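J.: Handing you this structure, nothing more for now.
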Amino acid sequence: MNRPIWHGHAITRAASLAGCTALVLALTGTGAQAHSPAHHPDPARQTLGAGDGWAAHGTGTTGGADADAEHVYTVTDWAGFKAALTAGGTAPRIIKVKGTIDAVSQGCEAFAAPGYDFDAYLEKYAPETWGLEQDLSAEPDDSPEGLRRASAARQDTAIKANIPADTTIIGVGRNAGIKGASLQIRGVDNVIVRNLTLESPVDCFPQWDPTDGSKGNWNSEYDTAVVYGSTHVWLDHNTFTDGEHPDSEAPTYFGMLYQQHDGELDIVRGANYVTASWNVFTEHDKTILIGNSDGESTAVGDRGKLKATFHHNLFSNLVERAPRVRFGQVDVYNNHFVADAGYSYSFGIGKESQLVAEHNAFTLPEGISPAKILKRWNDSPLTAAHNRVNGRSTDLIAVHNAEIPQETLRSGAGWTPALRAAVHPARAVPALVKHHAGAGRVR
């Protein structure tokens with residue numbers, strides 16, 4: 001987990017497709033532009049277009065477009081980025097990220113509490129000695145678990161960045177990004193995040209939970225981005241990736257994967273009015289969670305909220321949760337899902353979810369059935385129409401129910417999305433997404 005050395009604090013202000021080739025070219029030149037944000041020659045001052053998904057509801061999403069010159073910042077390192085988030089009080093701000101900035105450039109060792117020793121942790125809590133019936137919550141502060149908790153707290157403080165209201169964060173050019181950070185969009189309104197490669201944070205100190213499942217499990221913290229109780233959030237032309245630390249290269253301890261990643265994007269705790277457009281989500285396990293609990297205390301705050309739109313995104317080489325949905329009215333259209341052999345499912349149908357999945361394209365490898373695209377966690381109806389799998393029109397609900405009758409799904413989400421810009425035919429989506437989605441393509 002060694003990483004480069006930190007740069008010094010830096011913050012500057014700145015003044016103000018064969019069969020359908022013809023169709024794709026036409027859409028690239030016209031229809032794709034229908035999804036463009038409200039026009040402004042400076043991408044940092046562009047706002048979400050009218051009607052472009054749930055984030056356009058009501059007041060819409062403008063981020064920091066109204067920032068004056070004193071509240072426009074260009075940052076080149078993590079210290080500068082965090083300083084820009086707190087500078088200038090509550091005024092609208094634009095933060096331009098230049099190059100790739102690293103939140104964990106000193107490596108995991110920099111967060112370890114004095115006395116923490118991973119080998120000692122493994123020795124004490126091995127199932128053959130500790131067992132699988134007693135959790136670690138009562139372990140004292142000077143125990144291996146206590147020292148792990150202290151180390152984790154240090155990392156938590158260091159890598160989380162709280163994004164204020166009325167903020168635009170945008171990468172400059174084609175190679176801007178943030179590594180190892182967790183963007184916390186918590187309890188605020190009106191945030192835009194664009195044109196960044198966001199490499200998932202690595203949890204340096206996962207917790208072993210002997211009571212999680214029949215064999216115990218490693219649990220990690222830190223979503224790449226979390227929208228927690230916030231409203232009007234637009235995430236556009238970003239690339240979410242595990243980058244240098246894919247799960248496929250993670251070791252196993254106690255016979256279980258040493259899980260060091262959580263989600264790429266979570267929308268939870270009464271968050272509302274979110275649009276995710278033209279992003280790439282790749283190389284991850286538990287990708288997107290909308291609503292984090294079935295519990296009634298959480299449900300009270302989530303019912304009637306968690307409204308989100310996903311369009312023109314690429315979901316590539318993921319295991320699951322693209323997305324998994326509880327409660328929210330979630331519109332997923334014109335996305336391309338590309339699976340590999342590790343694929344589990346795309347759409348998780350959770351408690352009181354109201355998912356509409358239309359005009360999407362799926363590319364599945366040989367041996368993976370379209371029946372796996374849907375996963376029923378609870379008996380909630382959904383709408384799934386005009387989707388294509390490996391180039392063929394496919395009724396996702398019908399094929400699921402035919403092959404997995406013990407988890408029958410019902411059709412009809414009970415609502416019709418009204419906040420959409422242009423909707424492209426599913427056969428054109430793979431080429432459109434290939435040429436336009438992801439970081440480095442904002443213009």
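Only the coordinates and a few stated rules stand behind these numbers; no lab work does. Computed from a predicted model, the values in this text were never measured in an experiment. Don't worry about glycine lacking a Cβ; one is built from the backbone with ideal geometry, like all the others, and counts go over all protein chains shown.
J.: Give me, ordered by chain and number, the residues 5 or more places off G328 or on other chains with an amide H under 5 Å from its own placed amide H.
T.: Amide H neighbours of G328: Q354.
J.: With θ set to phi - 60° and the Karplus curve 6.51 cos²θ - 1.76 cosθ + 1.60, what are the ³J(HN,Hα) couplings of the stretch 161-168 in order, to the nearest whole Hz, using x for Gly and Pro?
T.: Whole-Hz 3J(HN,Hα) from phi for the stretch 161-168: 10, 7, 8, x, 5, 6, 10, 10.
J.: Based solely on C-alpha atoms, express the radius of gyration and the Dmax of the stretch 250-353 in angstrom.
T.: 14.3, 42
J.: Given points 7 Å out from each Cα along the Cα-Cβ axis, report the H435 to T211 separation in nanometres with one decimal.
T.: Between H435 and T211, the label points sit 5.6 nm apart.
J.: I'd like to know which of S105, A357, A371 lies farthest towards the positive end of the charge dipole of the chain, counting +1 on Cβ of Lys and Arg and -1 on Cβ of Asp and Glu.
T.: The Cα lying farthest towards the positive end belongs to A357.
J.: Can you compute the equivalent ellipsoid semi-axes for the stretch 166-323, i.e. the square root of 5 times each eigenvalue of the Cα gyration tensor, sorted largest first and rounded to whole Å?
T.: Working from the Cα gyration tensor, I get semi-axes of 26, 21, 13 Å.
J.: Could you sort 182-189, 373-380 so that the peptide with the highest average Cβ count within 10 Å comes first and the rest follow in order?
T.: 182-189, 373-380
J.: I've got another one for you. First obtain the Kirkwood hydrodynamic radius of the stretch 163-258 from its Cα pairs, then insert it into the Stokes-Einstein equation at 37 °C and 0.692 mPa s, and state the resulting D in µm² per second as a whole number.
T.: For the chosen part, D equals 217 µm²/s.
J.: I need two numbers for the chain: Rg to one decimal and Dmax as a whole number, Cα atoms only, in Å.
T.: In Å, with Rg to one decimal and Dmax whole: 21.9, 67.
J.: Using a Förster distance of 22 angstrom, determine the FRET efficiency expected from the C-beta separation of A113 and D156, and round it to 0.05.
T.: My answer for the efficiency is 0.95.
J.: Can you tell me the relative contact order of the stretch 328-371? Whole percent, Cα pairs under 8 Å, sequence separation 6 or more.
T.: Relative contact order here is 55 percent.
J.: Let me ask something additional. Please give the contour-minus-distance gain from D68 to Y253: 0.36 nm per residue of separation, less the Cα-Cα distance, rounded to one decimal in nm.
T.: Separation in residues times 0.36 nm, less the Cα-Cα distance, equals 61.4 nm.
J.: Continuing with this model, one more query. Which entries in the list K124/K375; K286/K434; K215/K305; K215/K372; K215/K286; K124/K372 go over 30 Å, if you measure between the two C-alpha atoms of each?
T.: The answer is K124/K375; K215/K305; K124/K372.
J.: In nm², what is the average projected area of the convex hull enclosing the Cα atoms of the stretch 286-330?
T.: For the stretch 286-330, the mean projected area of the Cα convex hull comes to 3.3 nm².
J.: Dimensions of the stretch 232-292 along principal axes (Cα, Å, largest first)?
T.: If we take the Cα atoms of the stretch 232-292, the spans are 42, 25, 10 Å.
J.: Over 17 Å, how big is the tail of the calculated P(r) for the stretch 127-179, in percent of all Cα pairs?
T.: 64
J.: I would also like to ask the following. How large is the Rg to Rh ratio of the stretch 79-174 when both quantities use alpha carbon positions and Rh follows Kirkwood?
T.: Here the Rg-to-Rh quotient is 1.17.
J.: Given H placed 1.01 Å from N in the peptide plane, which residues other than close sequence neighbours of T309 have an amide H under 5 Å from its amide H?
T.: The list, which skips near neighbours in sequence, is W54, A55, V274, T275, A276, D331.
J.: Another one. Which cross-chain or sequence-distant (5 or more) residues have an amide H under 5 Å from the amide H of G177, H modelled 1.01 Å from N in plane?
T.: Those qualifying (amide H under 5 Å, at least 5 residues apart or on another chain) are G99, T100, I101, T197.
J.: Return the equivalent ellipsoid semi-axes of the stretch 356-408 as a descending list in whole Å, where each equals the square root of 5 times an eigenvalue of the C-alpha gyration tensor.
T.: Largest first, the stretch 356-408 gives 18, 14, 8 Å.
J.: To the nearest 20 debye, what charge dipole does the chain have about its Cα centre, counting +1 at the Cβ of each Lys and Arg and -1 at the Cβ of each Asp and Glu?
T.: Charge dipole of the chain: 1940 debye, to the nearest 20.
J.: Another question, then. Quick one: Karplus J couplings for the stretch 68-76, per residue in order, coefficients 6.51, -1.76, 1.60, θ = phi - 60°, nearest Hz, x for Gly and Pro?
T.: Per residue, the Karplus-derived 3J(HN,Hα) values read 7, 4, 6, 10, 10, 10, 10, 10, 10 Hz.
J.: Looking at the chain, send over the antiparallel percent of its DSSP beta bridges, to the nearest 5.
T.: 10
J.: Applying a 10 Å radius around every beta-carbon, put 335-343, 270-278, 122-130 in order of their mean neighbour count, most first.
T.: Highest to lowest by the protection proxy: 270-278, 335-343, 122-130.
J.: Modelling each spin label as a point 7 Å along the Cα-to-Cβ direction, I'd like the A50/I404 distance in nm, to one decimal.
T.: 4.1
J.: Roughly how big is the stretch 71-126's charge dipole about its Cα centre, with Cβ charges of +1 (Lys, Arg) and -1 (Asp, Glu), in debye to the nearest 20?
T.: With only Lys, Arg, Asp and Glu charged at Cβ, the dipole is about 560 debye.
J.: Pop out the ³J(HN,Hα) list for the stretch 241-253 in order, Karplus 6.51 cos²θ - 1.76 cosθ + 1.60 with θ = phi - 60°, rounded to Hz; leave Gly and Pro as x.
T.: Per residue, the Karplus-derived 3J(HN,Hα) values read 8, 7, x, 6, 10, x, 4, 5, 9, 6, x, 10, 9 Hz.
J.: Expressed in nm to one decimal, what extension gain is obtained for the pair T90 and A126 from 0.36 nm per residue of sequence separation less their Cα-Cα distance?
T.: 8.0 nm
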